[in-house]
Amino acid sequence: MSNEQPKIPQATAKRLPLYYRFLKNLHASGKQRVSSAELSEAVKVDPATIRRDFSYFGALGKKGYGYNVNYLLSFFRRTLEEDEVTEVALFGVGNLGTAFLNYNFSKNNNTKIVMAFDVDERKVGTTVGGVPVYHLDELEERLHENIPVAILTVPAAAAQALTDRLVAQGIKGILNFTPARLNVPNHIRVHHIDLAIELQSLVYFLKNYPSPS
Ligand code: ATP
C-alpha cells in the first residue's frame with residue numbers, strides 16, 4: 001500500500017479489491033459515474049458503508065450525480081499499486097493447490113504465484129499452470145525476500161512446521177487454507193480461509209435464517 005494516502009481502516013481496505021474489480025468493469029463498459037445504490041447492488045455492501053468507505057478515498061459522491069468512475073479508478077490503481085506485481089509462493093500442490101496454480105491471479109490482479117513446493121517426488125520437477133514445483137527441501141534456497149506472501153494448501157498437520165520455516169525466511173503474509181490455527185509472531189499477517197467452516201456456516205444460516213433481505 002502506498003504511504004502518501006491517509007490510513008484506510010482495515011475493514012475498508014478489505015473491500016477495496018471488490019470495488020476496484022467492479023469499477024474496472026464499469027469503466028470498460030463506458031460508464032463515467034456510478035451511484036452508491038448501484039454500487040451497493042453490485043457488490044452487496046450497504047450504501048451507508050460504501051459512502052463511508054469512499055470518503056476515505058477522498059471521493060465525495062454528489063447527490064444526483066454519484067461518484068466519478070475515473071477518479072475512483074485512479075485512486076484504486078495507486079493504492080493497490082496495480083503496476084507492481086506481488087510474487088507469491090504456494091505450498092502443497094494437491095487438489096486445491098493445483099486449482100490455484102491453474103487459475104493463478106494475474107489476469108485481473110496484482111499478485112502472481114511464481115513458484116510452488118511439495119514433498120511428493122511425483123510432483124517435484126513438474127510445472128503446473130506454468131509454475132515450477134520444487135521440493136520443500138529447497139524452501140530456504142529458493143524463497144527470497146521478493147516473495148512476501150505464501151499460500152498454504154498442505155495437510156493441516158504440516159502447516160505449523162512449514163509456517164515456522166516461512167517466518168524464519170522472512171515471509172510477511174500467509175493465506176492459510178488449512179484448518180490449522182497458526183502461531184506466528186505479531187508482525188506476520190495470517191488470513192485464514194477454512195472452506196469447510198465457511199460452507200458449514202452458510203448451511204447453518206440457510207437453515208436458521210432463511211431468506212436474507
Ligand atoms: P487438497 O487438500 O489440496 O485437496 P489433497 O487431498 O490432494 O489436497 P493433501 O493430503 O491435502 O492432498 O496434500 C496436499 C498436498 O500437499 C499434496 O500434494 C502433498 O504431497 C503436499 N504436502 C504434504 N505435506 C507437505 C509439506 N510438508 N510441504 C509441502 N507440501 C506437502
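The values are calculated or read from the model by the stated rules, or taken from the named source; none is laboratory data. Everything numeric in this text was worked out from a predicted model, so none of it was measured. With ideal geometry, Cβ positions are generated from the backbone for all residues, glycine too; neighbour counts draw on all protein chains shown. Just so you know, the surface numbers come from the protein's heavy atoms only, side chains and all, with ligands and any DNA or RNA stripped out. Shrake-Rupley method; radii C 1.70, N 1.55, O 1.52, S 1.80 Å.
A compact table of results
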item	result
Set LYS7/LYS62; LYS112/LYS172; LYS31/LYS112 screened for pairs whose C-alpha atoms are more than 18 Å apart	LYS7/LYS62; LYS31/LYS112
10 °C / 1.306 mPa s Stokes-Einstein diffusion coefficient of the stretch 10-79, Kirkwood radius on C-alpha pairs, µm²/s	134
Whole-number D in µm²/s for the stretch 86-197 (Stokes-Einstein; Kirkwood sum over Cα pairs; 10 °C, 1.306 mPa s)	114
Length-normalised contact order of the stretch 86-197 in % [C-alpha pairs under 8 Å, at least 6 apart]	24
Estimated vicinal HN-Hα couplings, Hz - the stretch 88-104 in sequence order (Karplus 6.51, -1.76, 1.60; Gly, Pro = x)	10, 10, 10, 10, x, 9, x, 4, 5, x, 4, 4, 5, 5, 5, 6, 6
Acute angle (nearest 10 degrees) that the helix 10-28 long axis makes with the longest principal axis of the chain, alpha-carbon atoms	70
Sequence-separation-based contact order of the stretch 115-172, relative, with Cα cut under 8 Å and 6+ spacing, percent	28
Protection proxy ranking of 89-102, 112-125, 185-198 - average other beta-carbon atoms within 10 Å, highest first	89-102, 112-125, 185-198
Calculated P(r) tail over 24 Å for the chain, as whole % of Cα pairs	53
Distant-in-sequence amide H partners of THR111 (H built 1.01 Å from N, under 5 Å)	THR86
Relative contact order %, the chain, counting alpha carbon pairs below 8 Å whose residues are six or more apart	14
The stretch 86-197 - percent of accessible surface contributed by carbon and sulfur, probe 1.4 Å	54
Magnitude of the charge dipole, the stretch 10-79, Cβ model with Lys/Arg +1 and Asp/Glu -1, debye to 20	160
Beta bridges per DSSP with both ends in the stretch 105-212, % antiparallel, nearest 5	15
Probe 1.4 Å, protein heavy atoms only - accessible area per residue of the chain in square angstrom	61
